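Below is one structure, written out as structure tokens; comments come after it.
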Number of protein chains: 4
Amino acid sequence: MVGQTKRKVAILGATGMVGQRFLSLLQNHPWFEVTALVASERSAGKTYGEAARWVLNEPMPDKYRDMPVVLSDAALDADLCFSAIPGDLAGPVESELAKKGYKIFSNAKAHRWDRDVPLLVPEVNPDHAHLVKRQNHGSGGYIVTNGNCSTIVMVMTLKPLVDAFGVKRVFVSTYQAVSGAGYPGVPSIDILGNVIPYIGSEEEKIEREPLKMLGTLGPDGVAPADLRVSATAVRVPVEEGHSMAVSVELGRAATPEEVARTMREWRSRPQHLKLPSAPERPLEVLSETNRPQPRKDWRRGNGMSVNVGRIRPDPLFTVKYFASGSNTVRGAAGSNILGAELLLAEGLL
Amino acid sequence: MVGQTKRKVAILGATGMVGQRFLSLLQNHPWFEVTALVASERSAGKTYGEAARWVLNEPMPDKYRDMPVVLSDAALDADLCFSAIPGDLAGPVESELAKKGYKIFSNAKAHRWDRDVPLLVPEVNPDHAHLVKRQNHGSGGYIVTNGNCSTIVMVMTLKPLVDAFGVKRVFVSTYQAVSGAGYPGVPSIDILGNVIPYIGSEEEKIEREPLKMLGTLGPDGVAPADLRVSATAVRVPVEEGHSMAVSVELGRAATPEEVARTMREWRSRPQHLKLPSAPERPLEVLSETNRPQPRKDWRRGNGMSVNVGRIRPDPLFTVKYFASGSNTVRGAAGSNILGAELLLAEGLL
Amino acid sequence: MVGQTKRKVAILGATGMVGQRFLSLLQNHPWFEVTALVASERSAGKTYGEAARWVLNEPMPDKYRDMPVVLSDAALDADLCFSAIPGDLAGPVESELAKKGYKIFSNAKAHRWDRDVPLLVPEVNPDHAHLVKRQNHGSGGYIVTNGNCSTIVMVMTLKPLVDAFGVKRVFVSTYQAVSGAGYPGVPSIDILGNVIPYIGSEEEKIEREPLKMLGTLGPDGVAPADLRVSATAVRVPVEEGHSMAVSVELGRAATPEEVARTMREWRSRPQHLKLPSAPERPLEVLSETNRPQPRKDWRRGNGMSVNVGRIRPDPLFTVKYFASGSNTVRGAAGSNILGAELLLAEGLL
Amino acid sequence: MVGQTKRKVAILGATGMVGQRFLSLLQNHPWFEVTALVASERSAGKTYGEAARWVLNEPMPDKYRDMPVVLSDAALDADLCFSAIPGDLAGPVESELAKKGYKIFSNAKAHRWDRDVPLLVPEVNPDHAHLVKRQNHGSGGYIVTNGNCSTIVMVMTLKPLVDAFGVKRVFVSTYQAVSGAGYPGVPSIDILGNVIPYIGSEEEKIEREPLKMLGTLGPDGVAPADLRVSATAVRVPVEEGHSMAVSVELGRAATPEEVARTMREWRSRPQHLKLPSAPERPLEVLSETNRPQPRKDWRRGNGMSVNVGRIRPDPLFTVKYFASGSNTVRGAAGSNILGAELLLAEGLL
């Protein structure tokens, strides 16, 4: 990017919680400049300061306060779009914008299973980025998706194990923050002093998405990895940070020390390319007996590191550990931004 | 018990959280009357109202307020003792009292693995109660222990599966309440908006204790069950109720519906004997998609039912479900009391 | 009520949180029997079990599960109605039903300031109940309202002081539970580990309603009391129980001991009439230095006692204290039920 | 400080929560370098990494991990000391060190009321700093103290009102974070879903300390300000940030707008001197109806701004508002550091 002007960025779904996280992360980005804020009819025509109910702990950056909020069918002054459009609305809007030539980096689930759409976790499957060349929207536009927030945290811990030892089966139980439900999300009367053992469609995503993420690029898209996952997804009264207890059956015997070292030493393409949002250590292996903890550890690597601890033998499988990472940064907006950085560095953007 | 006078009961460790729960549960008990309150030197000589920092949500029963607190070496006007003595102090004190002829029902871990001491969960292994006849303290005294609070909740859900299908392997991840740590227990600055993935010695207990509880009474004590468990124990900001995600490999195929029916229809000896503290349904199978929840469900069966929900196929093992139960009632004082009721009804007390 | 059959009761707004509290409190009521469940179009035609998302900690009473939910314009088989209709919908519906001859006991604010409608707190202004005789809906129907939940807790503590010493000025800062906001109410992401210093219209109600509640019945309705209140209303992450720091300028000097005794000894008409829902002690004066606490004390008097503690001299006014009471029982459904009991006992129902 | 080497700093009570906050705030300080870590016998002889149970949300800075922890009677390689010694231990240790010639900036209460010791809030009473010249420890050493954490937040909001309008009487009710109680501090079982209306000695400090802070420097020390405060101190389940509802009787009439403008425009000596820790705006006046909130606003001004909102007329006094500020930064370590910066800039250090 040296010597170039910044790429222009539109945020789709800019007023929601993930939209806010995009704006926060991009406020001083070296490669990207937010030039358009897109939201629904309720917000369009207002300034961002009027339209958004800002919910992040850090104050709304002043630079966005007076920007106009527009509809997605406006002429967007942007090269690429980060999409935080909620739920079922995302799919058609993203397709429409890709047809118009925009490059879409999406948090939504709509296109995750489209054959030529990468389900991209930049450290895990950077080669999948090249799938975008196969997309044919007749316009130069394309769509890149990033997986479910819990899947991303988990698959980051699995990838170096897949490479070093092979991974056959995984049990995972999650401890998920309320911010993962967006805004207004979980009513306080439901979650104060309580846990809720159900998050709609979450377990299916955690069980299925790793197969594509860890799969092999082939002529017919991604051939799924040979891996089986059993997930239980539970909401806990935590503000930020999805945590999980993970038990892994490896392809061959390995000690906890080998696993820890493998995780600690793991670096991938975003680190080699020194991408602006790439954490120095994609996996932060903590040695204290009672870590990681979501509230205390989610900020590591500017929210982009996944934290791992308590790596120990598993009486049934090979190894078990506890992992935790930011769900709104690493598990959502930050991974999307890192994905766009990767495609730019690879000449695909 | 009809026509008899009530048995006299001493509470050991009466001022602590579990001690308080004993007092609360026993305040109107039909068979037992609390006649002695035992605590450490710091409390002895005071009235209970002076000595105890009452932490339960219901008020301290008036009947205990003016009772004197005594040391364990006092002459206790009691037939049996419920022991909530914390940590390492429990073992010697309990042995000493058993030698003096007291019947001890203990929450402490000290004697759980003594060969002739039952690790009793009254619905799970009522026959183990007869082990007390083999104890020889030379006095008529004996010791009965009840397991770890998380183990009790889990093993209650496993027992009917063991009987109906066989159980080979179990993965369990817990979501444990802060009351399980006693008082003062977990500092609020550590747990507010956070989870802590470590509870000292807890995983070892959850992995090991079921083998004795589900084991077979033989000439040399209890032959351990052929079962393997992998546990992760995590503290969450919940006041009362230990919850857990459980995946079970059964001895034969079974549908979630069969498992649910087996659990729902399960009754054991405490139910057949209509013991005062026995819940009508030892397992409460909930059909709502987002239950059980600790805060909303722990009171079922007066805190003695274990709640189960989300029974569904497991992609790796046979079935998975979510369970939750009161850790201070079902997982501690209540199970102890039910145990004493069982021994009394069986003519062992 | 001796020898009579129970009065038939309709619950308006039966599916909401206060509606649920009505059903819970009335499930075994000696005088009232719930015979009709009224809710909005979204629920009408379903059974209550289908329509209601039950949020209380105790399970939904089985007796309501299969009752049909009807619209308010149905022919209600009921003598009186408890209204938990939310917000702006309540006013017209309640008026309409009063015209049809129903006796309405309402939690809604719509008719609180109607001249001939009692703003009734049964221990505070039982004589105001007679206002209903002045209402002229041409049908025998009438409306009784019961004030804001925080106001009720506060005014209960003020009434004996008004009678004994006079009350001139009051400062009050509240610590209000999330259940006061109904369901879904406060988003968890807003309140976890946080306080929110604003509750819409709450301070106005706390400052104004006591003037009518403590006012004098006269020919033109209620002449307002000569009293001034300054309130700050703040939401805290508490499930149940509104608490408040109160400083009072009395009409004459009084020691904290006199104030405590006055509060402790206070009994009013509901206690003299031994109404079923009347707490034995309308004010529970606690002597521990760190009480009352909402989570530990709200259940006193079956949720109908208001708890007071830390009564001490005020450096600026006369006395200050901390008060706490159940917002859904004492501050809402329970006070309404007690009001209906009062009117029945007084021959007004 | 330009051109000078950094001053050497010892942290007394380095392993506690406030000690940790000092270390965190000083890790990159332009004027001060931590050269000695002092703690009790339990920690002395260990490295800081071994001795400290780090409780802040950000990781322990690596630079401290291998530093040795020493006792206070060691030869400290330091020019000044920040004292976070808990409770009653602080007084004698601080006196002893002052006698040895150290400049002490203390969070402890021991010396706050010594005649020649400033009770310094740098923006509020910067002139009081000169009191240190009157201290005679025979060594060049002196002691500066910095007030209770709640008092500091409150008095920051009062100072510009004192200057502009005069302040006669203040009612304040607090909503205080658990971090204010240090570590381990408040047991989680006491505060989850609860509020605790008592904090030992807190109300006395909030009522009394402003009189010295706002007092006038005279020949006999500080003549107390003519101001009366009534405080209620309450603990809430918040991690960081003390909040408070404040009602003020001003010396003359003023509109909320005047008060808001006075607060917003207030700058004091630390701002004029551009001290490194001085927030640009000592008071951050927020216009949203539901702010400030502790969790969302405590980081403003790097934790050194006090946030104010909801400025509105008071029905009894002149004006009321809600204030919130970091208790560990603004209310403790940060104010101490700012104090040391002030004395250095004034040539007193």
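Picking from residues in region D:187-216 that are among the aliphatic types (A, V, I, L, M) and farther than 30 Å from B:W54 by Cα, the one that is surrounded by the fewest Cβ atoms within 10 Å (Cβ to Cβ) is D:L211.
Conditions (1) in contact with a His (Cβ under 7 Å, 6 or more places away or on another chain); (2) surrounded by fewer than 22 Cβ atoms within 10 Å (Cβ to Cβ); (3) modelled with pLDDT of 95 or more, marked per residue:
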| site | (1), (2), (3) |
| --- | --- |
| C:I11 | no, no, yes |
| C:S83 | no, no, yes |
| C:L89 | no, yes, no |
| C:S95 | no, yes, yes |
| C:K99 | yes, yes, yes |
| C:H111 | no, no, yes |
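Run down C:G193, C:G218 and say which single residue is without any contact (Cβ under 8 Å) to a residue 12 or more places away in the chain and either facing another protein chain (nearest Cβ under 7 Å) or of a type outside the set (D, E, K, R) (or both). Checking each option against the conditions leaves just C:G218.
Does C:E288 satisfy being closer than 20 Å to D:S173 by Cα, without any contact (Cβ under 8 Å) to a residue 40 or more places away in the chain, surrounded by fewer than 21 Cβ atoms within 10 Å (Cβ to Cβ) and more than 8 Å from every other protein chain (Cβ to nearest Cβ)? Yes; evaluated as a whole, the condition is true for this residue. With respect to C:V186, determine if the residue is under 30 Å from D:V234 (Cα atoms), at pLDDT 95 or above and more than 18 Å from the chain's Cα centre (by Cα). For C:V186, the condition - under 30 Å from D:V234 (Cα atoms), at pLDDT 95 or above and more than 18 Å from the chain's Cα centre (by Cα) - is met. All conditions but one from (1) at pLDDT 95 or above; (2) outside any helix (DSSP H, G or I) apply to D:N336; the one that does not is (2). Total residues in region D:130-145 satisfying the condition of being out of contact with any Phe, Trp or Tyr (no Cβ under 7 Å at 6 or more places or on another chain) and either crowded, with 22+ Cβ neighbours inside 10 Å or among the hydrophobic types (A, V, I, L, M, F, W, C) (or both): the figure is 4.
Taking region B:145-218 as the region of interest, the helices (runs of 4 or more DSSP H) fully inside it that hold 3 or more residues being closer than 29 Å to D:G185 by Cβ and in contact with a strand residue (DSSP E or B) (Cβ under 8 Å, 6 or more places away or on another chain) are B:188-191.
Considered as a group, the residues in region B:291-325 that are among the polar types (S, T, N, Q) and more than 14 Å from chain A (Cβ to nearest Cβ) include one that is surrounded by the most Cβ atoms within 10 Å (Cβ to Cβ), and that residue is B:S305. Considering only region A:7-16, I want to know if a residue exists there that is within 14 Å of chain D (Cβ to nearest Cβ) and not in a strand (DSSP E or B). Within region A:7-16, none of the residues are within 14 Å of chain D (Cβ to nearest Cβ) and not in a strand (DSSP E or B). In this entry, B:L283 passes the filter for residues that are of a type outside the set (S, T, Y) and more than 13 Å from every other protein chain (Cβ to nearest Cβ).
Selection over region D:196-215 of residues that are within 22 Å of the chain's Cα centre (by Cα), within 14 Å of chain C (Cβ to nearest Cβ) and of a type in the set (A, V, I, L, M) gives a count of 3. Only one of the numbered conditions (1) away from chain A (no Cβ under 14 Å); (2) among the polar types (S, T, N, Q); (3) over 15 Å from the mean Cα position of the chain (by Cα) is violated by B:N336, and that is (3).
Residues are listed down the side, and each one gets a yes or a no for (1) of a type in the set (D, E, K, R); (2) more than 20 Å from A:S326 (Cα to Cα); (3) not assigned by TED's automatic domain parsing to the domain that holds A:V117:
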residue	(1), (2), (3)
A:T157	no, no, yes
A:D163	yes, yes, yes
A:A177	no, no, yes
A:A181	no, no, yes
A:P184	no, no, yes
A:P187	no, yes, yes
A:L192	no, yes, yes
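Quick check, is C:E41 surrounded by fewer than 16 Cβ atoms within 10 Å (Cβ to Cβ) and within 19 Å of C:M304 (Cβ to Cβ)? No: the conditions fail for C:E41.
Quick one: how many residues across region D:23-62 are more than 14 Å from D:A74 (Cα to Cα) and β-branched (V, I, T)? Within region D:23-62, residues that are more than 14 Å from D:A74 (Cα to Cα) and β-branched (V, I, T) number 3. In region D:264-276, is there at least one residue being surrounded by fewer than 24 Cβ atoms within 10 Å (Cβ to Cβ), aliphatic (A, V, I, L, M) and within 13 Å of chain C (Cβ to nearest Cβ)? So far as region D:264-276 goes, no, none of its residues is surrounded by fewer than 24 Cβ atoms within 10 Å (Cβ to Cβ), aliphatic (A, V, I, L, M) and within 13 Å of chain C (Cβ to nearest Cβ). Among the residues examined, D:A51 qualifies as more than 14 Å from chain A (Cβ to nearest Cβ), surrounded by 18 or more Cβ atoms within 10 Å (Cβ to Cβ) and over 25 Å from D:L338 (Cα atoms). Among the residues of region A:58-81, the one identified as surrounded by 17 or more Cβ atoms within 10 Å (Cβ to Cβ), small (G, A, S) and modelled with pLDDT under 95 is A:S72.
Of the residues making up region D:158-180, those that are within 13 Å of another protein chain (Cβ to nearest Cβ) and of a type outside the set (K, R) number 12. For B:V238, the requirement of being within 9 Å of chain A (Cβ to nearest Cβ) and either crowded, with 20+ Cβ neighbours inside 10 Å or within 23 Å of B:S287 (Cβ to Cβ) (or both) is met. Within region D:34-61, the set of residues being within 27 Å of B:L192 (Cβ to Cβ) and among the charged types (D, E, K, R) comprises D:R42, D:E50, D:R53, D:E58.
Closer than 21 Å to B:N107 by Cα, over 16 Å from the mean Cα position of the chain (by Cα) and touching a residue at least 24 places away in the same chain (Cβ under 8 Å): does that describe B:A233? Yes: the conditions hold for B:A233.
Taken across region C:18-25, residues that are part of a strand (DSSP E or B) and among the aliphatic types (A, V, I, L, M) do not occur at all.
Results for (1) within 8 Å of chain D (Cβ to nearest Cβ); (2) of a type outside the set (D, E, K, R); (3) under 21 Å from B:G193 (Cα atoms); (4) touching a residue at least 24 places away in the same chain (Cβ under 8 Å), shown as yes or no for each residue.
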{"position": "C:G182", "(1), (2), (3), (4)": "no, yes, no, yes"}
{"position": "C:I189", "(1), (2), (3), (4)": "no, yes, yes, no"}
{"position": "C:V229", "(1), (2), (3), (4)": "yes, yes, no, yes"}
{"position": "C:S247", "(1), (2), (3), (4)": "yes, yes, no, yes"}
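The values are calculated or read from the model by the stated rules, or taken from the named source; none is laboratory data. Keep in mind the model is a prediction, meaning the values are calculated, not measured. For neighbour counting, all protein chains shown are included, and Cβ atoms are generated from backbone atoms with ideal geometry for every residue, glycine included.
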